[in-house]
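The block underneath contains the structure these notes are about, expressed in structure tokens.
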Amino acid sequence: MTDICATYRLAPERHEQGERTISTDELTGVQALERKHRGLPMMPGKVERREFEYIRHGTATFILSRDVATGEVIAPSAGDSRTEADFLAHVQAVIATDPTAYRWHFVVDNLNIHLSESLVRWVATESDLDIELGKKGQSGILRNKQTRAAFLSDSTHRIVFHFTPKHSSWLNQIEIWLSILTLKLLRRGSFSSLDQLKVKVLAFIDYYNDTMAKPFRWTYQGKPLVA
């Protein structure tokens, strides 16, 4: 908790020095629901009403990253799966948005795709590390989740991952932004297809970045919430 809070506190200063601080998570199982009948608009003394029947067009997965220092959502990924290849591709896309940044800090949870062999190998390459990584499940840095997490958390690397404690995903600022997306678009939206769902989410991100993006005021200091 202390590390996560310190990462947020240092984000503005690091941003000025050429380091980027990113909050990342996945939003899975997002349903493309189309209301079967048109809703009734607000009228004097009556709230807007919505028909309960809907048509389900499937689900989508979004991998989203938010710059802690600026509040912008960058390089959003809209797809149908959440694999280690999907996550690695997303991280690579985020980093490609700013080739001048000399170090990146990613705040993520402990999902297995955030601790994958392919991610470790790529981070080693990006950090110009010519070391023996071992073999997954057997030896070295790749042996298990704990050894991979320790490697990915190394602050000397060009790309550093900060892992929230287990059962504490609320410490990841992207969770706050996902609630904004849900309240302003997903909860009352009607989507005629998966493609329309993805297009509308990406359009909302563009709108958010242009008109609403700003840093969150993080007040939690990492202290126990109960005595």
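No lab work stands behind these numbers, since they all come straight from the coordinates. In this text, all values refer to a predicted model and were calculated from it rather than measured experimentally. Using ideal geometry, Cβ is built from the backbone for each residue, glycine included, and neighbour counts are taken over all protein chains shown.
Numerical summary
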item: Taking only Cα atoms of segment 149-222, radius of gyration then Dmax in Å; result: 16.4, 47
item: Along each principal axis, Cα extent of segment 1-94, largest first, Å; result: 52, 38, 23
item: Where labels lie 7 Å past Cα in the beta-carbon direction, separation of Glu34 and Asn209 in nm; result: 2.9 nm
item: Computed P(r) (all Cα pairs; segment 8-49; 5 Å bins; percent); result: 5, 14, 10, 8, 8, 8, 8, 9, 11, 13, 4
item: Computed E for Ala89/Asp195 - FRET, C-beta separation, R0 22 angstrom, nearest 0.05; result: 0.65
item: Per-pair calculated FRET efficiency, R0 = 25 Å: Arg50 and Leu202 via Cβ, rounded to 0.05; result: 0.55
item: Global size of segment 105-191 as Cα Rg and Dmax, reported in angstrom; result: 16.4, 51
item: Gyration tensor (alpha-carbon) shape descriptor, segment 81-140, a/c threshold 1.5; result: oblate
item: Mean shadow area of the chain over all directions, Cα convex hull, nm²; result: 16.1 nm²
item: In segment 1-67, chymotrypsin sites (Phe, Trp or Tyr not before Pro) in a DSSP loop with at most 12 other beta-carbon atoms within 10 Å; result: Phe52
item: Highest-first arrangement of 156-165, 12-21, 138-147, 38-47, where packing means the average Cβ count within 10 Å; result: 156-165, 12-21, 138-147, 38-47
